[in-house]
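Report on the structure given below.
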């Protein structure tokens, strides 16, 4: 392991910039955003340099570490604050800083009318710094610091316009759901320490096969819980839709490309644990499968463009999580889909932001329609992203989703068929609702409700979208050419070079099945929404549609299962505290008070009672002498 | 019989004096009970001087008597003064310090 | 070799005769109602104690007990009792609740403990007796001690005596703030007061019965109508006259000089 001294700059630059922007206050209003963008670009530059340096080294030497300081040295727990950059982390570093910088540029224009723009950029930089710390940490504890940091950044950014109570509540909801995941991560770290005596990745990787399968399963399940919280997977998925209350750049950066993928990173990084704990892996598959269908079903009924894209994100991350459960080969495909998804989803979110900018911040797709004529560049880039997500070749999504479907089928037996069918069904539904979004927004009659034509957005907003669309087009091809990404990641996730299991179906058949599925979904959507474009959402709908409109009752379930019992528990505890503990304190006070009141009655004013006191005192004295001299 | 009996007698007299101080209401009778207690103590002193074979006990008893006499003088003068202003010698009447 | 003391038969008989008597006298002092009886009973206790002192080879002390304690102190008590009121007696009911039982319990406990302590104090100690100490006589022996070992307390106690005498004088002194009115002045004050009602001194009881009519109530010496002289039927009918109109003040008291 070679050491490097550049890694700290990756994190320190955005962190300092964030601090400067917060502390300078209004003075920085004129130059704050520029500083933030430059800093983000510098981190990206450092990342690129490191990537090329890494590429030039041989497989065994690719990872670099940097120790910053000795953090905890207590008893047998020794944790250093150090960073590690290996093949897996560099992918994330480039994604975070690259997409992040583009979104910084976008936000300069998108948030230009907001007088809190400086604060926004401070939070964005803070997010970049935390996310980089998350992926660069060399132990679970270091990862945890970054984990918490991105949770905080998400809270701050979702609730950025906290004048609206609904937005502040959405931020709180996101934070609380994340917190539940954080508990999982804490417990996993504790169990890991108890099992291995060490919390660093390298240390645990070495000794992973020495632990019992119960311990590994426990760690794995807790890590899965953490991933569910951060990546909005079932059962902690309810916060992602509400998180759209934040500004669109936030949704693009955090809730499409980076933070929600932290769960995938965690599971991939912990591959040495999951590979030894088959039960945990099975749970990963189940969670991924459920979520991918859950998100897809919700996405079909959403009229808010951002919420539809959020549901799509939930579903795509379900794909990634499902891929991570498929064993050593699955991790690489999960990361591939993660990277391609980062490109096309971010570009679609930014495109949605551009549409909203042109439609005076309207988000209801039923009030869009026919915008393609007036915003051609936005429509084009959004369309490219759309083609990528539904998996049309040769766009990027085709390569990554296809590989996942193939690997799912190859898992063998009932499990393989079930997973494969789930992914195919997901493909159908994804095609359906994404087509619906595109048709409702860009095609058809104009249902705006006003006469002002939407104008194309300014250049600063369009350039980042354009650059990201290049990614949507080409990324998949580049990653899978010659198994490029798989080979790149192999030392990290598949050191024993396990081959995949027997091929269930030849890959070409799988691709054809996927394409057929996509065509089905696409056709149904076109047929349904070509003419049927109602400005108001229809009221008489089937049970499924009304359920999907209400997010498959996820909020009601959470309320009934957790919120109300939690609140009554709190009431009980409050009462206990008041009666028992405060009662104890109050009874002490009451006792001393009543003792005082009773003792006061001794002061009768009568000389004789005082004389009696003296006699009793003499009695006590004599008793003492009697006892002592016995 | 041994000399201890004198000691027991003095203890009994002392006890009776103590009860009297607490129970009686007339100030002069209370005072007399105090005198009884002093006398009981004197008896103890004299008996012990006899047991020890020295005259120290008697000397101290002598001093006690002198002091008791002074005390009686001053105490009764006080009682008379109180009687002049309040027309009563009951100790219960002096209960202004009641809470 | 110290000669051990053995108590002779006569002394034992004396003790067993007088001791119960003294205890009974003390209890009586506690229980009798009249204070004078208490004083006399206490005097008896003191004489008993004097006899005990003499029996215990403390002759000087016994005589001093009789002279000073019984003679002077108890007589002083009796004088003060006479000043306060010979008949003054306490009611035997207790005003402070629970005082009596607690007091008796505490005192009995105290007594028991004292008895036990005193018994323990003489455990293993043989009485020596005052034969040797009194070899040149009790008074000489006392004097030898008094003016050698205890000379300083002796001086202090004498100072105490003087102080006590002074204190008594100060307490008993009654200084008038204004000069005592003479007879003449007292008579003038009587006639110059608001009404002549008190000129000849306060009347005896029943003097103000000016009428024996049924409808006029008789007056008590302080001027209020006596309730027993008011007829109930007349009062119900409203026929009772106010006896205030017959007060002396309303009577014309101007003196007409007789030529």
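The values are calculated or read from the model by the stated rules, or taken from the named source; none is laboratory data. Note that this is a predicted model, so its numbers are computed, not measured. No Cβ is skipped: glycine too gets one built from the backbone with ideal geometry, and neighbour counts run over all protein chains shown.
Which residue out of A:588, A:622 is in a helix (DSSP H, G or I) and either touching a strand residue (DSSP E or B) at 6+ places or on another chain (Cβ under 6 Å) or under 24 Å from residue C:105 (Cα atoms) (or both)? It is A:622. Here residue C:89 passes the criteria (1) modelled with pLDDT under 85; (2) surrounded by 19 or more Cβ atoms within 10 Å (Cβ to Cβ) except the one numbered (2).
Just one of (1) modelled with pLDDT of 95 or more; (2) within 13 Å of chain A (Cβ to nearest Cβ) fails for residue B:29. It is (1). For segment C:122-144, the criterion of a residue being closer than 23 Å to residue B:11 by Cα, more than 10 Å from chain B (Cβ to nearest Cβ) and loosely packed, with under 13 Cβ neighbours inside 10 Å is satisfied by at least one position.
The rows are residues; the columns are (1) free of Cβ contacts under 8 Å to residues at least 40 places away in the same chain; (2) surrounded by 12 or more Cβ atoms within 10 Å (Cβ to Cβ).
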position	(1), (2)
A:510	no, yes
A:520	no, yes
A:534	no, no
A:539	yes, no
A:545	no, yes
A:549	no, yes
A:588	yes, no
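Can we say residue A:482 is outside any helix (DSSP H, G or I) and on the phi > 0 side of the Ramachandran plot?
On the way: outside any helix (DSSP H, G or I): no; on the phi > 0 side of the Ramachandran plot: yes.
Considered against the rule, which asks whether it is outside any helix (DSSP H, G or I) and on the phi > 0 side of the Ramachandran plot, residue A:482 comes out as no.
Taken over segment C:11-36, the criterion of being buried (at least 17 other Cβ atoms within 10 Å of the Cβ) and in contact with a strand residue (DSSP E or B) (Cβ under 6 Å, 6 or more places away or on another chain) is satisfied by C:35 alone.
Determine whether residue A:545 is modelled with pLDDT under 85, outside any helix (DSSP H, G or I), within 30 Å of residue A:427 (Cβ to Cβ) and under 36 Å from the mean Cα position of the chain (by Cα).
Answer is no for this residue.
Residue B:10 meets each of the listed conditions (1) part of a loop (DSSP other than H, G, I, E, B); (2) more than 7 Å from every other protein chain (Cβ to nearest Cβ); (3) within 30 Å of residue C:17 (Cβ to Cβ) apart from (1).
Residues of segment C:161-186 being surrounded by 10 or more Cβ atoms within 10 Å (Cβ to Cβ), in a helix (DSSP H, G or I) and away from chain B (no Cβ under 13 Å), which ones? Selection gives C:185, C:186.
For segment B:50-67, filtered to residues that are within 7 Å of chain C (Cβ to nearest Cβ) and touching a residue at least 12 places away in the same chain (Cβ under 8 Å), the residue that is farthest from residue C:165 (Cα to Cα) is B:51. Filtered by the rule that a residue be surrounded by fewer than 24 Cβ atoms within 10 Å (Cβ to Cβ) and either free of Cβ contacts under 8 Å to residues at least 60 places away in the same chain or part of a loop (DSSP other than H, G, I, E, B) (or both), segment A:309-337 gives a lone residue, A:327.
Residues A:112, A:139: which one is out of contact with any helix residue (DSSP H, G or I) (no Cβ under 6 Å at 6 or more places or on another chain) and touching a residue at least 24 places away in the same chain (Cβ under 8 Å)?
On the way: A:112 fails: touching a residue at least 24 places away in the same chain (Cβ under 8 Å).
None of the others qualify; the one that does is A:139.
Looking only at segment A:188-195, decide whether some residue is outside any helix (DSSP H, G or I), in contact with a strand residue (DSSP E or B) (Cβ under 9 Å, 6 or more places away or on another chain) and more than 26 Å from residue A:241 (Cβ to Cβ). Please lay out each step first, then the result.
Pass one, segment A:188-195, residues outside any helix (DSSP H, G or I): none.
Within segment A:188-195 (the criterion being outside any helix (DSSP H, G or I), in contact with a strand residue (DSSP E or B) (Cβ under 9 Å, 6 or more places away or on another chain) and more than 26 Å from residue A:241 (Cβ to Cβ)), the answer is no, since none of the residues qualifies.
The lone criterion from (1) at pLDDT 75 or above; (2) surrounded by 14 or more Cβ atoms within 10 Å (Cβ to Cβ) left unmet by residue C:208 is number (1).
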